[in-house]
Amino acid sequence: MSNSRTTPLRVAVLASGRGSNLQAIIDAIEAGQVQAQIVAVLSNKREAVALERARKHGLTDIFVDPKPFAGRPDSREAYDRALLEILQQHDVELVLLAGYMKIVTAVLVNAYANRMMNIHPSLLPSFPGLDVQKKAIDWGCKLAGCTVHFVTEGVDEGPIIIQAAVPILDADTSETLAARILLQEHKIYPRAVQLFAEGRLQVDSRRVVIDAAKPDGEAIISAV
């Protein structure tokens, strides 16, 4: 069951680096594949390429300096309260983490429960955290991939929305595997946003049910 939106979904993106997933979402929106509007791109890094990408597309780019919050016992929460104020000012409906290198606190998680997504370059729940491609290779996995999930207070522990798998080749390095996974990230993150915009994502405990899914399934996209 999909909804019938009369206005685009209002999205904000939090990014710390190059913003390649941000670019994929921008491209999907401009191509008419995602019924959304990016109303703000926020970063904790002044020189983040993601902010430059936002400016090139006429989007609002906002640097939120973490330095004024440093040293406070509640520095992380205080920083997130500053972010939350900006998000609320822009009437944000969905928050996307795209290479955002800060762990969000309950301040944001609770305010955007089941309305904040992240993309992680592994097939969760396997290999949360960092250096995941190296871990997958070292463990001798035959498949790797990426996962879009809702954000909870646990790192990379939120309900899984959609995944894509790629083979791990004998000659793979962390870099070659990461590059192949990234191509799939650019496909499934915009797809997850569109499913949300259509009102098709229902969270049932740890499971995300996609309403009116196609017979061959949308929850896993195989790139093998």
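The values are calculated or read from the model by the stated rules, or taken from the named source; none is laboratory data. Everything numeric here is computed off the predicted structure, so don't read it as measured data. Neighbour counts run over all protein chains shown; Cβ positions are idealised from the backbone, glycine included. Just so you know, the surface numbers come from the protein's heavy atoms only, side chains and all, with ligands and any DNA or RNA stripped out. Shrake-Rupley method; radii C 1.70, N 1.55, O 1.52, S 1.80 Å.
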Handout entry: Residues being surrounded by fewer than 19 Cβ atoms within 10 Å (Cβ to Cβ) and closer than 21 Å to PRO121 by Cα - total across the stretch 195-208
Key = 2
Handout entry: Some residue of the stretch 113-125 being open to solvent by 40 Å² or more (accessible area, probe 1.4 Å), touching a Gly at 6+ places or on another chain (Cβ under 7 Å) and at pLDDT 95 or above
Key = yes
Exercise for the section: Filter the stretch 37-86 for residues that are over 16 Å from LYS102 (Cα atoms), in contact with a helix residue (DSSP H, G or I) (Cβ under 8 Å, 6 or more places away or on another chain) and assigned to a helix (DSSP H, G or I) and give the result. Expected result: ARG53, ALA54
Handout entry: Single residue of the stretch 94-103 satisfying the filter (in contact with a Phe, Trp or Tyr (Cβ under 9 Å, 6 or more places away or on another chain) and open to solvent by less than 20 Å² (accessible area, probe 1.4 Å)) that is farthest from LEU9 (Cα to Cα)
Key = ALA98
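Take the residues in the stretch 169-187 that are charged (D, E, K, R) and more than 28 Å from VAL34 (Cβ to Cβ), then tell me which one is surrounded by the most Cβ atoms within 10 Å (Cβ to Cβ).
Let us first name the residues in the stretch 169-187 that are charged (D, E, K, R), namely 170, 172, 175, 180, 185, 187.
Next cut, more than 28 Å from VAL34 (Cβ to Cβ) only: 170, 172, 175.
Numbers: ASP170: 6, ASP172: 18, GLU175: 10.
Across the stretch 169-187, the extreme among qualifying residues is ASP172.
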Exercise for the section: Output the residue which, of all residues in the stretch 1-19 that are of a type outside the set (S, T, N, Q) and part of a loop (DSSP other than H, G, I, E, B), is surrounded by the most Cβ atoms within 10 Å (Cβ to Cβ). Expected result: ALA15
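Specify the residue that is nearest to ARG180 (Cα to Cα); the eligible residues are those in the stretch 137-168 that are among the β-branched types (Val, Ile, Thr) and open to solvent by 10 Å² or more (accessible area, probe 1.4 Å).
Going through the qualifying residues, I end up with ILE168.
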Practice task
Within the stretch 20-30, identify whether any single residue is assigned to a loop (DSSP other than H, G, I, E, B) and open to solvent by 70 Å² or more (accessible area, probe 1.4 Å), and answer yes or no.
Solution key: no
Completion exercise
Matching residues in the stretch 154-207 (modelled with pLDDT of 95 or more, over 20 Å from ALA28 (Cβ atoms), polar (S, T, N, Q) and not in a helix (DSSP H, G or I)) number 2
Problem - Where a residue in the stretch 188-209 is touching a residue at least 24 places away in the same chain (Cβ under 8 Å) and its partner, wherever it lies, is part of a helix (DSSP H, G or I) and open to solvent by 20 Å² or more (accessible area, probe 1.4 Å), with Cβ under 7 Å and at least six apart - result: none
Handout entry: Options LEU123, LEU51, LEU84: the member that is under 17 Å from ILE25 (Cβ atoms) and touching a residue at least 12 places away in the same chain (Cβ under 8 Å)
Key = LEU51
Problem - Matching entry among VAL34, VAL92 (being touching a Pro at 6+ places or on another chain (Cβ under 9 Å) and assigned to a loop (DSSP other than H, G, I, E, B)) - result: VAL34
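Out of all the residues in the stretch 134-154, which are among the aliphatic types (A, V, I, L, M) and within 12 Å of the chain's Cα centre (by Cα)?
VAL148, VAL151
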